[in-house]
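The values are calculated or read from the model by the stated rules, or taken from the named source; none is laboratory data. Keep in mind the model is a prediction, meaning the values are calculated, not measured. Note that each Cβ is placed from the backbone with ideal geometry, even for glycine, and that neighbours are counted across all protein chains shown.
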Amino acid sequence: MTAFTTTVDSGLALVTLDLPGEPVNKLTSGLIDEWETLIERLRGDSAVRAVVLVSGKPDSFIAGADIEEFTRLTTAAEAEALSRRGQDLMDRVEQFPKPIVAAIHGACLGGGCELALACHWRVATDSPKTQIGLPEVQLGLLPGAGGCVRLPRLIGARAALDIILAGKTERAQKALKLGLVDEVVPQSILRQVALAAADRLAREGTARRHRSRGAAGALLDGTPVGRRIVYRMAQKQLLKKTGGHYPAPLAALEAVRIGLEHGPAEGFRAERERFGALAVTPVSRNLVRIFFATTALKKDDGVPPGTEVEPLAIGRVGIVGSGFMGAAIAGTAVLNAEVEARLKDAELPRVGKGLKAALGILDERLKRRRLPAPRHRRLAALLSGTADYSGFTRADLVIEAVFEDLDVKRRVLAEVEREIRPEAIFATNTSTIPIRDIAAGAARPERVIGMHFFSPVERMPLLEIIPSDATDARTVVSAVRFGRAMGKTVIVVRDHPGFWVNRILSPYLNEAGVMIEEGVPVDLIDRTMTRWGFPVGPVALMDEVGLDVAQKASKVMHAAFGERLAPPAAIGRMIEDGRLGRKNARGFYAYHEGHKTGVDERVYRILGVKPLEGFAAEDVERRLVYLMLNEAAMACGEGVVRSARDGDVGAIFGIGFPPFRGGPLRLIDELTAGSVVETLTRLQEAHGARFAPAPALEAMASRGGRFHPD
Ligand code: T1G
């Protein structure tokens, strides 16, 4: 036995699980062997009246089945067998003749949650680290060790589907309210309370849980008719949300339905059969790869391995520019990194507006009970503002989020350098301007770096960190770690115009404009790309970002990359007509009280085009997708990203490139570079030089290469 240690006292066996050499407990095949042996021993040990299972890890109970083992599955039958093994293990726990109590602190996810569900009582800590749930659909899977059967039976169909279909995790208080756990206690007394519960259950037998779910619950969860309504609504919402690209939640819904309507045995069969089928799908493979890419990025400081630097601890941040981006950066830094954030702008009214917006991010979490009131108060006190640079001498990091103009940014850099300590860092939130240009003339260019956030900052997971050639490793590592502390997935990219995300986005948005000029209807373009898997279409995205911002960025790209990235005239004409997009409720779409109400047909008159009938959606898709793939290959060939992993994570988390497709570089691998070059060549013949295949792509095609080794 290596992972389990057992102590028995007064008939109570305290089993501590601590998987050697691993930061988290995960249900590996080896661990399952051990557990099976242990449980048989405890069954036969007459001195044992009850069992408490607790983790020896600091912040995880059990993080689920070993996802790495899934990557080695080759057939659906193999995967089904793995699920069957998990189900059997949980059955043995549930049928165990002595009470088993799960003492949960930290991550209790997937198979870890399913094990807890099979136990006879669940005690959880009230720590924010304690997260309980079934995230499997985020891996393109479903709960395959009994979760699709046990969770609905414990908390009802609706509450269970809410967790399973979204791959949600819940804090302990919410889990208690749902009936997912039985007691919530401070971490310091977890073992004590769990042992007391075990003792009580051993003496009094397993408790009957009486949960009233109210009239609606009794009807919708408690009757076949009600449940049929629940399943139908869930399926409708799923198809709308996933566009049919993610089979896992639909399969999970089926397994839950079969379990509730036809009994546990049928439910378990439905679960393992569907788990088997899902585990070997390209969708699940891609989602599992994204999981490992993001966990690997959590430890990647963005500098070559072995680079020894002492990062600067960042406790105080100054933000210059209290507009939309600056305010959101301040609010997110306070909320997630818990640092002091001081907003600066030219006039106090603007500072006040920015502070209100930053505070709004905290208020919204408070309102959704995601932030306890005392913590809200403490964090709100970390926000301050000024119309001069007072207080900036104490800043460890200053982030500039002013107008996207080189001269303005250089002036701010000069002003800030006069205020801050020599070791402090200056970061610019520019979205396209090369950092070396902004840092030209800086007193300490080694302390200047790009930190490119995406809007809305509090929700968009990606952060691009852009060092110039002058930026030193200490500044890179400090910025990367601070970005992670802000809850961001961080990629480090080269100081090329547009960096990575805007670089691959630029030709895609330009082409949407070109097609509108050709008369391709706006809604056909956007509908095609949302059906392809993007969260929003390119035209709606331009309206969101702001046509003036899009034009500014495209001018930088045009200047840097020439005619290939020339912006379509359409954007300029829209702006001349006073159309900036959602921000002034006039764009390609019409807006009413902030809500998009449909394409503004007057746009076609402004652009002097008549919307075409019957334009093929496939042509829209091919032109837009292949231009992005080509640019991704080109930029990757130039070393803009350090690896294909970073490129794909950047595209998925930065602009919502469909995760099930794995990212642009992964998609090229799946299509093969050769076929992508062929399609681009055909598009080039039909539409012009901007579709000329990237040299890196042609080279890859000629050697039959791939961007990803796996
Ligand atoms: N399998 C394999 N490796 C895992 C793992 C898992 N389930 N969870 C974490 N790791 C590794 C991770 O790759 C990293 O490795 C290290 O642990 C630390 O993770 C049958 C089918 C638990 C909240 O989806 O969400 O159960 O880089 O850096 O920020 O129904 O990891 O050090 O080599 O992320 O503190 C369902 C996945 C599985 C949860 C901890 N479970 N994990 O976050 O550390 S499917 C999940 C997480 C399943 C059953 C089904 C997080 C975490 P390395 P980390 P962290």
In region 70-99, the residues that are free of Cβ contacts under 8 Å to residues at least 60 places away in the same chain and touching a Leu at 6+ places or on another chain (Cβ under 7 Å): VAL93
Flag if THR242 is buried (at least 17 other Cβ atoms within 10 Å of the Cβ), assigned by TED's automatic domain parsing to the domain that holds GLU266 and within 21 Å of SER60 (Cα to Cα): no
Flag if GLU458 is over 19 Å from MET557 (Cα atoms), outside the structural domain of GLY546 (by TED's automatic domain parsing) and in contact with a Ser or Thr (Cβ under 6 Å, 6 or more places away or on another chain): yes
Yes/no for VAL193 being assigned by TED's automatic domain parsing to the domain that holds MET233, assigned to a loop (DSSP other than H, G, I, E, B) and touching a residue at least 40 places away in the same chain (Cβ under 8 Å): no
Considering residues of region 1-57 that are in contact with a strand residue (DSSP E or B) (Cβ under 9 Å, 6 or more places away or on another chain), part of a strand (DSSP E or B) and not hydrophobic (A, V, I, L, M, F, W, C) only, the residue farthest from the ligand (Cβ to nearest atom): THR7
When residues of region 231-258 are limited to those that are part of a helix (DSSP H, G or I) and among the hydroxyl-bearing types (Ser, Thr, Tyr), the one farthest from the chain's Cα centre (by Cα): TYR231
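Residues checked against (1) buried (at least 17 other Cβ atoms within 10 Å of the Cβ); (2) outside any strand (DSSP E or B); (3) more than 10 Å from the ligand (Cβ to nearest atom); (4) assigned by TED's automatic domain parsing to the domain that holds TYR389:
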residue	(1), (2), (3), (4)
PHE268	yes, yes, yes, no
PHE275	yes, yes, no, no
ARG285	yes, yes, yes, no
ILE290	yes, yes, yes, no
ALA296	no, yes, no, no
LYS299	no, yes, no, no
VAL303	yes, yes, yes, no
GLU310	no, yes, yes, no
Test: residue in region 463-474 that is surrounded by 24 or more Cβ atoms within 10 Å (Cβ to Cβ), part of a helix (DSSP H, G or I), in contact (Cβ under 8 Å) with a residue 12 or more places away in the chain and among the small types (Gly, Ala, Ser): no
Yes/no for ALA107 being more than 9 Å from the ligand (Cβ to nearest atom) and buried (at least 24 other Cβ atoms within 10 Å of the Cβ): no
Residue count for region 110-136, restricted to those that are within 10 Å of the ligand (Cβ to nearest atom) and of a type outside the set (Lys, Arg): 11
Matching residues, region 124-146, being among the small types (Gly, Ala, Ser) and free of Cβ contacts under 8 Å to residues at least 60 places away in the same chain: GLY133
